[in-house]
Amino acid sequence: MIAEVRQQLLVNGTPFALVEGAVALAQVKDRPTAMPAAFVIPLRDASSANQRATGGVLQATAADIGVVIIFENLGAPLGDPSVDELEALKNWVRAQLVGFEIEGCDPIEHIEGELVKARSGVVWWQETFGTSTLQEGKQ
């Protein structure tokens with residue numbers, strides 16, 4: 001699922017110089033090696049109770065996926081241009097992912113976006129998306 005989302009963010013016209021996963025994000029201290037950057041990470045999986053009364057297991061699993069957007073605007077790190085750049089980046093990500101279908105999953109939906117941090121001209125923003133799938137256990 002994460003790999004498919006990363007590929008979707010690498011389509012022609014991507015504004016990102018870098019699209020990586022959780023391991024690469026864990027190595028970033030203050031700023032990534034190239035910007036703007038997007039890091040696609042698993043956030044949460046939650047499964048429902050078994051939906052079958054007899055004979056095996058069938059569960060719905062909701063998965064939340066995060067896209068951490070990191071960018072800098074050294075020309076005006078605290079002014080309106082950085083807000084405009086953030087709006088453009090998060091709107092582009094939403095346009096690529098809302099309704100995107102991964103085999104075996106429901107279409108992706110947007111859940112929320114929030115500021116992670118803003119320091120020294122670098123802005124970290126996280127978009128959260130969700131999808132769900134059915135898991136069937138052996139009988």
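The values are calculated or read from the model by the stated rules, or taken from the named source; none is laboratory data. Given the structure is predicted, the values throughout are model-derived calculations rather than measurements. Reconstructed Cβ throughout: ideal geometry from the backbone, glycine too, with neighbour counts over all protein chains shown. For accessibility, only protein heavy atoms count, side chains too; no ligands or nucleic acids. Shrake-Rupley method; radii C 1.70, N 1.55, O 1.52, S 1.80 Å.
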When region 7-39 is checked residue by residue, the ones that are outside any loop (DSSP other than H, G, I, E, B), open to solvent by less than 70 Å² (accessible area, probe 1.4 Å) and either without any contact (Cβ under 8 Å) to a residue 40 or more places away in the chain or charged (D, E, K, R) (or both) are LEU18, VAL19, GLU20, ALA22, ALA24, ALA37, PHE39
Condition set assigned to a loop (DSSP other than H, G, I, E, B) and in contact with a helix residue (DSSP H, G or I) (Cβ under 7 Å, 6 or more places away or on another chain), scope region 84-120, selection surrounded by the most Cβ atoms within 10 Å (Cβ to Cβ): answer is ILE108
Would you be able to say whether some residue in region 40-57 is in a loop (DSSP other than H, G, I, E, B), hydrophobic (A, V, I, L, M, F, W, C) and under 23 Å from ILE108 (Cα atoms)? yes
message = Being on the phi < 0 side of the Ramachandran plot and either at pLDDT 95 or above or in a strand (DSSP E or B) (or both): is that true of VAL123 here?
response = yes
Taking region 40-63 and the residues there that are in contact (Cβ under 8 Å) with a residue 40 or more places away in the chain and among the β-branched types (Val, Ile, Thr), the one that is most open to solvent (accessible area, probe 1.4 Å) would be VAL57
How many residues of region 126-139 are of a type outside the set (D, E, K, R) and modelled with pLDDT of 95 or more? The answer is 5
